[in-house]
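The values are calculated or read from the model by the stated rules, or taken from the named source; none is laboratory data. These numbers were taken from a predicted model, which means no experiment stands behind them. Backbone-built Cβ (ideal geometry, glycine too); neighbour counts: all protein chains shown.
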Amino acid sequence: MKANTQANLLLPTNEDTVGPYFPINFSDPLLEDLSQFESGITAQPEGVPIILKGRLIDRYGELANGTVVEFWQANAKGVYRSPKHEGNPDIDPWFWGYGRLRTESGDFEFKTIMPGPCADRAPNITITLFSDGISRIVTQIFFADQTGNASDPLLQSLSREDQAKLSARHEGQSDCGSKIYTIDIVMAGENEIPFFDDLIREGE
Amino acid sequence: MPNSGRRLEIGPTDNTSDQRTPRNRLRLIPEIARESFAPYVPQRGLSRQNDWDLTRIAPDLPRAEGVAIEVSGKLQNERGTPISNAMLEIWNANHFGRYRHIEDHSNIPLDEHFLGTGRVFTDSEGNYTFWTISPGAYLARPDIGRWRPKHIHISVSGGGSRLITQLYFPDEPNNASDPMAILMGDDFERNIGKPYETPHIDVDSGLNFDIVVGGRNAVYFE
């Protein structure tokens, strides 16, 4: 802990586990399908529709049921809808980039559009897991068939084996023509995927 | 000077924690990638009529069993700046310790007048208020006799703020043995509400819980 420079800051409230009973009635279909805007509006986000099919797997190879999964990504032009990019002409008015779902079984399907590359980054989706037994873990998922992976600074900070664990594979198309990508998110144990520390900075 | 991230701890007596906690140290995020790890949550999710009052399912229905309480507090960032228009999603067990959730298979009774979920938004000064029934503690691990202490789940989202936490009650016998409380150590104290009196409103007592969102290495300050 850096006692001096942070002395004037308030201590953050502790994160705690979401537990097994995140209310299903808090679900919002619009947050599970970012390839659509609100129904009844003649508008769609720009970009290639994709479906990310994931499996959340625990230390014993079982599905991690009841997990809340959140997604955060750039639009097709690689722009995040955040205050930093306010006024950017490449903001897509029909795309926010934040998604959320609760998976009953541990399988999920997240409909969205392929994020664009931005700055020096390859296309990726940040994934946050809130589940019983843990408070919050985060990682980023990449796409095996997209360019830029070989020079992505985050991917390149990992071993080849770990890079592969974060790469979703293209496996066919849906009836609606969306490209399907699959990923196994192993939370613990053998084949555990890399998770990232968004509290600690390098060198602190 | 750690050059690697934290190793997450496993909650003692918590099977799910053993199953789902990553065993490897968390990886550090290269500076250039840090911004991409800070979601910005759009304003959304209108709350329904009466969503601030979990003590009854609808305004025209009777109160649920148990002790009605008010929970209120201020939402702010580490610098003490109030966070307005953030959504708090709230859920808690009923007076007996049962959730009205399709996956809660315990034999504890449901209360026909209690739903146990609600949503409120913070006002321009970051303040929030809701009413609920003081939840029952429940036996989470009958095999080893471990209880979950009384608690209210609160999920905060809006703008650069994202936090899921639990509010605990003072002087509860099961606080000390709770696996998540054990992991928090001395910090657990900050997740316990501070009682106040509520003389002029239709609840028995109040619990103050100020929430500070922070700690991340990439955030958006408004």
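Need at least 1 residues that are without any contact (Cβ under 8 Å) to a residue 24 or more places away in the chain and over 19 Å from B:Pro42 (Cα atoms) per element, so show me which strands (runs of 3 or more DSSP E) inside segment B:156-222 make the cut, counting only ones lying wholly within it.
Ranges flagged: B:194-196.
For segment A:80-94, which positions are under 20 Å from A:Ala119 (Cβ atoms) and more than 15 Å from the chain's Cα centre (by Cα)?
Those that are under 20 Å from A:Ala119 (Cβ atoms) and more than 15 Å from the chain's Cα centre (by Cα): A:Ser82, A:Pro83, A:Lys84, A:His85, A:Glu86, A:Gly87, A:Asn88, A:Pro89, A:Asp90, A:Ile91, A:Asp92.
Could you count how many residues in segment A:99-113 are closer than 16 Å to A:Gly47 by Cα and either surrounded by 21 or more Cβ atoms within 10 Å (Cβ to Cβ) or of a type in the set (Gly, Ala, Ser) (or both)?
Total meeting the criteria: 3.
Please go through segment B:81-107 and give me each residue that is surrounded by fewer than 16 Cβ atoms within 10 Å (Cβ to Cβ) and β-branched (Val, Ile, Thr), ordered by number.
Scanning segment B:81-107 gives B:Thr81, B:Ile102.
Looking at segment A:124-136, I want the residues that are without any contact (Cβ under 8 Å) to a residue 12 or more places away in the chain and at the interface with chain B (Cβ under 7 Å from one of its Cβ atoms) and have a partner that is surrounded by 24 or more Cβ atoms within 10 Å (Cβ to Cβ) and assigned to a strand (DSSP E or B) with Cβ atoms under 6 Å, at least 6 apart or on another chain. Which pairs are those?
Between residues of segment A:124-136 that are without any contact (Cβ under 8 Å) to a residue 12 or more places away in the chain and at the interface with chain B (Cβ under 7 Å from one of its Cβ atoms) and residues that are surrounded by 24 or more Cβ atoms within 10 Å (Cβ to Cβ) and assigned to a strand (DSSP E or B), there is no close pair.
Would a scan of segment A:20-28 turn up a residue that is away from chain B (no Cβ under 14 Å), out of contact with any Phe, Trp or Tyr (no Cβ under 7 Å at 6 or more places or on another chain) and buried (at least 17 other Cβ atoms within 10 Å of the Cβ)?
no
From the set of residues in segment B:29-43 that are at the interface with another protein chain (Cβ under 7 Å from one of its Cβ atoms) and farther than 17 Å from A:His85 by Cα, which is surrounded by the fewest Cβ atoms within 10 Å (Cβ to Cβ)?
Among those that are at the interface with another protein chain (Cβ under 7 Å from one of its Cβ atoms) and farther than 17 Å from A:His85 by Cα, it is B:Pro30.
Taking B:Phe130 as the residue in question, decide whether it is in a loop (DSSP other than H, G, I, E, B), under 18 Å from A:Pro23 (Cα atoms) and modelled with pLDDT of 95 or more.
no
Just name the residue that is farthest from A:Pro20 (Cα to Cα) out of those in segment B:4-25 that are touching a strand residue (DSSP E or B) at 6+ places or on another chain (Cβ under 7 Å) and surrounded by 14 or more Cβ atoms within 10 Å (Cβ to Cβ).
Out of the qualifying residues, it is B:Gly5.
From the set of residues in segment B:167-183 that are crowded, with 19+ Cβ neighbours inside 10 Å and of a type in the set (A, V, I, L, M), which is farthest from B:Pro12 (Cα to Cα)?
Result: B:Leu167.
Here is a yes/no grid of residues against (1) touching a strand residue (DSSP E or B) at 6+ places or on another chain (Cβ under 8 Å); (2) within 19 Å of B:Ile90 (Cβ to Cβ):
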| site | (1), (2) |
| --- | --- |
| B:Ile164 | yes, yes |
| B:Phe169 | yes, yes |
| B:Ser177 | yes, no |
| B:Met180 | yes, yes |
| B:Leu183 | no, no |
| B:Gly193 | yes, yes |
| B:Tyr196 | yes, yes |
| B:His200 | no, no |
| B:Gly206 | yes, yes |
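Each row is one residue, and each column tells you yes or no for (1) at negative phi; (2) more than 8 Å from chain B (Cβ to nearest Cβ); (3) without any contact (Cβ under 8 Å) to a residue 40 or more places away in the chain; (4) of a type in the set (Ser, Thr, Tyr).
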| residue | (1), (2), (3), (4) |
| --- | --- |
| A:Ile141 | yes, yes, no, no |
| A:Ala144 | yes, yes, yes, no |
| A:Gly148 | no, yes, yes, no |
| A:Ser159 | yes, yes, yes, yes |
| A:Asp175 | yes, yes, yes, no |
| A:Phe196 | yes, no, no, no |
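In the set B:Ile152, B:Ile133, which member is touching a Gly at 6+ places or on another chain (Cβ under 6 Å) and farther than 21 Å from B:Arg44 by Cβ?
That would be B:Ile133, the only listed residue that is touching a Gly at 6+ places or on another chain (Cβ under 6 Å) and farther than 21 Å from B:Arg44 by Cβ.
Can you spot a residue in segment B:200-220 that is more than 9 Å from chain A (Cβ to nearest Cβ) and surrounded by 22 or more Cβ atoms within 10 Å (Cβ to Cβ)?
yes
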